[in-house]
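J.: I have a structure I would like to understand better, so I am pasting it below and will then ask my questions one at a time.
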């Protein structure tokens, strides 16, 4: 959808205002959940307007449109860099609603991925798990792949008696989030006790981030 000139100007002001707020504070500031989508719409609308005015008769209009587009992109990049400095910093610590509620949808995904990756890396530096650094850093992606991509079962998993979608009770031994599974995302914290799908339970117990809980029958 092509935005009107007034809508584009409003988004341009919003980008400048967000950047000033972010630059003036230590904490991450709250932005609209759809901020990045609207900023992208503004840039795409200016691209469309520029294409419509590439001719000798409208070259002045074309130049003004491109100048506005360049300025929006410059301000958006500056805002992005300033904000993601804070997101990277906060990903090293426990994530709560105070932080998450201030983020756009894309930023929530990013900070969870970074938190998960850094938690694994830090724990690997402190406690030996028998895995290489490369394997530790790849673990979040492997969990998603195991849960969402159909593949030929390995001989080790075929030898298990549990059904592929069986739930296993585990006790979490280290901060670890998120785990993406076929039935939703699990946000794990140390000392949590919960049921996980068999594949996800296998992966985190193998890496010593959880232990199986054996129930007496």
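Any read-out appearing in this document is the output of simple, stated calculations on the displayed coordinates, not a laboratory observation. Keep in mind it's a predicted model, so treat the numbers as computed, not measured. Here the Cβ positions follow ideal geometry from the backbone for every residue, glycine too, while neighbour counts run over all protein chains shown.
J.: What is the calculated FRET efficiency for residue 74 to residue 44, with r their C-beta to C-beta distance and R₀ = 22 Å, to the nearest 0.05? Could the numbers behind the result be given before it?
T.: Numbers: r = 17 Å, r/R0 = 0.75.
In this case the efficiency is close to 0.85.
J.: Using the Cα gyration tensor of the range 5-90, with a ≥ b ≥ c the square roots of its eigenvalues, what is the shape: rounded (a/c below 1.5), prolate (a/b larger than b/c) or oblate (neither)? Working shown, then result.
T.: On the way: a/c = 3.00, a/b = 2.64, b/c = 1.13.
Prolate, since a/c reaches 1.5 and a/b exceeds b/c.
J.: FRET efficiency for residue 4 and residue 26, Cβ-Cβ distance as r, R0 = 30 Å, nearest 0.05? Don't jump to the answer; show the numbers that get you there.
T.: Details: r = 37 Å, r/R0 = 1.22.
Efficiency for this residue pair is about 0.25.
J.: Additional query: Normalised by the residues of the range 1-81, what does the relative contact order come to in percent, with Cα pairs under 8 Å and at least six apart? Mind dumping the intermediate values first?
T.: Values: 54 pairs, mean separation 32.1, N = 81.
Computed value for the range 1-81: 40 percent relative contact order.
J.: Sticking with this one: Given 0.36 nm per residue, what is the gain on full extension from residue 169 to residue 55 after removing their alpha carbon distance, in nm?
T.: 34.3 nm
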